[in-house]
Each structure stands twice: as C-alpha cells, then as structure tokens.
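Undergrad: Here you go, one structure.
A short reminder: the numbers here are calculations on the coordinates, not readings from a lab. Note that the structure is predicted; figures quoted are calculated from it, not measured. Cβ placement follows ideal geometry from the backbone for every residue including glycine, while neighbour counts extend to all protein chains displayed.
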Amino acid sequence: MAGYKVSNPNQEQTETYRQTKESYKSSLKDKQPGGETVAPFNTSRLSPCRQELPNVVFHITSNHDVYLEFIKQSKSGQKAMVSKVMAISSDGMKVKLYKPKGGKAIPVSDQPPPGPDNCETYIYPDMPKEYLDKYRYAARSVAVIRSKTPKVIMYTDRARYMLMDNSPEPDFWVDFYD
C-alpha cells in the first residue's frame, strides 16, 4: 500500500510518506522551547485505543478520556505494575492524578484502574512542572493518533483518498489499488 502526502493541493509536488521509527520518535520530541505549555488537546472523533510502552501505558477510553498509567517493574523483574495514573478529560482541561488501590501498585490490565474520590485534581495549565511534562507527552501522543485517523475517506475505482484528522494542515493520503 503506497501512501502520499500533499502539503498543498495547489502544488504539483508530492512526497512519499512513510512513518518510520525515527520519524515517530522525532514527532514525539518536545517542540516547545523552554518548556512552554501546549494548547489543550481534544480527543473527539478518536477511537478507543491502548498503547503499551516500556514505562507508560497510554489509553483513550470509549468516553474519550486519556489515561497515562506509569509503570514500575516488580522486584522480581517479571511483572509490570501500575504505580501512578494521570487521567485527562476529553477536552484536555481537567487532569486527575492518583495512585491505584490506596497507593499500592497493581498489575497492568486492559483497562485503566478506577480512581479514588480523593485524588489530586488540576485545571490545565495550572499544575506542577513535573505533571506538565507528562501532559505534553499525552498531547504529542494524541497528535500522532489524530494524524493517523481519517476524517474523510473517498473511494474510487483506482484509489482510496483519506484526509486525516490533524489540523490546521491535515495530512492527505492516497492509496492506489494497483
């Protein structure tokens, strides 16, 4: 399947677009100088997903909330345990931080652990710097998922055309059938 990205529909020049490990890593690098805050993200129109990485599990739930589960390896080194959870509302403004099961680490599961009634709650961007860095990580992850989510799909007898959901300049992919 070939993918093409057109930066401007009026330009005739197209470039082949393939997401490599290096370009994925560079898209996750913090592009904000001096640790400035990023705009709040929105997860509307994104499908629920789960991505497990070495130190964090990233979730978008069915109600579009974002969860970052921070992982610590158990003492035996075999089991990943959730030590802290950051829950972010679908509009990116309300951030909750809590430790599962009253401060005890629990094994990683398919769903984020439920939060207690008494947890640290912040309104973005008024939160400690250590949490702003984690928020930026969530925002970058949402941006990557949004750039891979089609907003408009058109099928013809020769190709499938997809306008992706990232903005203000969305990606445009064409998959030719032959």
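Undergrad: Once amide H atoms are built 1.01 Å from N in the peptide plane, which residues 5 or more positions from residue 165, or in another chain, come under 5 Å H to H?
TA: 149, 151
Undergrad: Ok, one more. Starting from the 7 Å offset along Cα-to-Cβ, what nm value, one decimal, do you get for the label separation of residue 64 and residue 51?
TA: So the label points at residue 64 and residue 51 sit 1.9 nm apart.
Undergrad: Would you mind computing, in nm to one decimal, how far apart the modelled labels at residue 151 and residue 75 are, each placed 7 Å from Cα along Cα→Cβ?
TA: Spacing of the two 7 Å Cα→Cβ label points: 5.2 nm.
Undergrad: Strictly over 20 Å apart at the Cα level, which of 75/134; 79/99; 79/129; 75/96 would you flag in this model?
TA: Cα-Cα > 20 Å for 75/134; 79/129; 75/96; rest within.
Undergrad: Hey, with R₀ at 22 Å, roughly what FRET efficiency would residue 177 and residue 143 work out to, going by the Cβ-Cβ distance, to 0.05?
TA: E between residue 177 and residue 143, to the nearest 0.05, is 0.15.
Undergrad: Can I ask one more? For the range 35-127, what is the relative contact order in percent, using Cα pairs closer than 8 Å and at least 6 residues apart in sequence?
TA: 22
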